[in-house]
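S.K.: Sharing a structure here in structure tokens format.
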Amino acid sequence: MSERFNATLEALGKQLGIELIAEAGIASLTLDGEQVIHLAPLGEDQLAMFARVQPLENEQQAVTLLQRNLFSEHCNHPRVGLSPDNHLIAWSQHALKDMDGAALYQALSTLLAFADTLASTTPAAEPVSPPASVRV
């Protein structure tokens, strides 16, 4: 685990008023009494944040989520993945050099909001169409 990752955890801990400790290379936060978000280093220069959201409802939900997941102009925008046991995983990746306590707090808030959106919507029921700018 890098010194930069540890310093970033310390900065977030100060922002939240708690002490964050990484066990086996991963720090975990329980937010709102229920949602657990994990922070883990990716090499020396990157940080991943991820949370297990809910079981995949059906195949159409997977298709819909994957179609929305393709590209973003923001490289650290939250995305959705699928765990080996078919649970939705909200995740984002960040450059440690850009993460002070306030920036990490904002990224954490964004990921939590994204996870809440995944948990509260049923994407399978929404129509699937390309964005207006690429509709043919």
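The values are calculated or read from the model by the stated rules, or taken from the named source; none is laboratory data. On a predicted model such as this, the values are computed, not experimentally measured, just so you know. All Cβ positions, glycine included, derive from the backbone under ideal geometry; neighbour counts span all protein chains shown.
S.K.: Can you find a residue that is within 22 Å of residue 13 (Cβ to Cβ), buried (at least 19 other Cβ atoms within 10 Å of the Cβ), at pLDDT 85 or above and more than 11 Å from the chain's Cα centre (by Cα) anywhere in region 104-113?
M.R.: Looking through region 104-113, at least one residue is within 22 Å of residue 13 (Cβ to Cβ), buried (at least 19 other Cβ atoms within 10 Å of the Cβ), at pLDDT 85 or above and more than 11 Å from the chain's Cα centre (by Cα).
S.K.: For region 32-90, enumerate the residues that are polar (S, T, N, Q) and touching a residue at least 40 places away in the same chain (Cβ under 8 Å).
M.R.: Within region 32-90, 35, 46, 54, 58, 60, 61, 64, 67 meet the criteria.
S.K.: Let me ask something else about it. Looking at (1) part of a helix (DSSP H, G or I); (2) modelled with pLDDT of 85 or more, which one does residue 65 not meet, given that it meets all the others?
M.R.: (2)
S.K.: Taking residue 11 and the conditions (1) surrounded by 14 or more Cβ atoms within 10 Å (Cβ to Cβ); (2) free of Cβ contacts under 8 Å to residues at least 12 places away in the same chain, which numbered condition does it fall short on, given that it satisfies the others?
M.R.: The one condition residue 11 does not meet is (2).
S.K.: Output the number of residues of region 65-98 satisfying the condition of being over 15 Å from residue 119 (Cβ atoms), of a type in the set (Ser, Thr, Tyr) and surrounded by 13 or more Cβ atoms within 10 Å (Cβ to Cβ).
M.R.: The total comes to 1.
S.K.: Determine, yes or no, whether residue 92 is hydroxyl-bearing (Ser, Thr, Tyr) and within 11 Å of the chain's Cα centre (by Cα).
M.R.: yes
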